[in-house]
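For reference, the structure discussed in these notes is given below.
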Amino acid sequence: MKTFGLKASLLLIAILVFTDCLNVEGQVCHPSGKIRGKKPPPGECNQGNDSDCCKEGKLYTTYKCSPTVSSHSKAYLTLNGFEKDEDGGAPSECDNHYHSDDTPVVALSTGWYNKGSRCLNNITISANGRSVVAMVVDECDSTMGCDSDHDYQPPCTNNIIDASRAVWKALGVPHDQWGGLDITWTDA
């Protein structure tokens, strides 16, 4: 009788762990809408760090959410400038300051940014067999774009971590491969 109870308990625990893993990985963030691209005025779209400019008439998907955060959240790392006059545009949302690109700082997609709840907190980014701790200083807006406030760049997708060059260096990514990389991350 004790053996049956132990087996039943272990089975129940295994089912709970398995369904919890499915729950984290299975939650889907659906698009919230679309915006139509506008042609940027001459010289108004900063294409530093290989940033894209909005294209006239193109529809861009927007999101108010991001995938669920877990101990190994999958994301796409992009390169961003956080200094004045770089492709990041305005000062950072969290503190209204610019930041050195030699400091490990990031902007998170709207859902992960979560109305600033991660502002000035650290996250751990892992890729390429290495990890780096970076501070969240900005939002990579997934709800808006193609306007002067967003440097005439399209909205971010819902799984972006937009990182300074210090993050790319710390991850040991060769300079000629900077720009886009599959990573995992978690709150530090």
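The values are calculated or read from the model by the stated rules, or taken from the named source; none is laboratory data. This is a predicted model, so every value here is computed, not measured. No Cβ is skipped: glycine too gets one built from the backbone with ideal geometry, and neighbour counts run over all protein chains shown. Note: accessible area is taken over every heavy atom of the protein model, side chains too, but ligands, DNA and RNA are not part of it. Shrake-Rupley method; radii C 1.70, N 1.55, O 1.52, S 1.80 Å.
Candidates are the residues of the range 100-115 that are in contact with an Asp or Glu (Cβ under 7 Å, 6 or more places away or on another chain) and more than 20 Å from K74 (Cα to Cα); the one that is most open to solvent (accessible area, probe 1.4 Å) is S100.
Of all the criteria given as (1) modelled with pLDDT under 95; (2) on the phi > 0 side of the Ramachandran plot; (3) out of contact with any Ser or Thr (no Cβ under 9 Å at 6 or more places or on another chain), the one not satisfied by G116 is (1). The number of residues in the range 119-144 that are in a loop (DSSP other than H, G, I, E, B), open to solvent by 40 Å² or more (accessible area, probe 1.4 Å) and touching a residue at least 40 places away in the same chain (Cβ under 8 Å) comes to 5.
Taking the conditions exactly as written (closer than 28 Å to P31 by Cβ, outside any loop (DSSP other than H, G, I, E, B) and of a type in the set (S, T, Y)), does T186 satisfy them or not? Here the answer is yes, as T186 does meet what is asked.
Out of D102, D95, D85, one residue alone is closer than 22 Å to Y152 by Cβ and over 13 Å from the mean Cα position of the chain (by Cα). It is D85. Within the range 67-82, residues that are in contact (Cβ under 8 Å) with a residue 40 or more places away in the chain and open to solvent by 30 Å² or more (accessible area, probe 1.4 Å) reach partners that are aliphatic (A, V, I, L, M) and in a strand (DSSP E or B) with beta carbons closer than 9 Å, at six or more positions or on different chains, in the pairs P67/A75; K74/I183; Y76/I160; Y76/I161; Y76/L181; Y76/I183.
From V24, V28, grab the single residue that is surrounded by fewer than 18 Cβ atoms within 10 Å (Cβ to Cβ), modelled with pLDDT of 70 or more and of a type in the set (A, V, I, L, M, F, W, C). After applying the criteria, what remains is V28. Residue by residue through the range 39-52, note down the ones that are crowded, with 17+ Cβ neighbours inside 10 Å and assigned to a loop (DSSP other than H, G, I, E, B). The answer is P40, C45, N46, S51. Scanning the range 168-183 for residues that are in a strand (DSSP E or B) and open to solvent by 50 Å² or more (accessible area, probe 1.4 Å) yields one hit, D182. Taken over the range 145-188, the criterion of being polar (S, T, N, Q) and either touching a Gly at 6+ places or on another chain (Cβ under 8 Å) or in contact (Cβ under 8 Å) with a residue 12 or more places away in the chain (or both) is satisfied by S148, Q153, T157, N158, N159, S164, T184, T186.
Residues in the range 145-167 that are β-branched (V, I, T) and either surrounded by 22 or more Cβ atoms within 10 Å (Cβ to Cβ) or assigned to a helix (DSSP H, G or I) (or both): I160, I161, V167.
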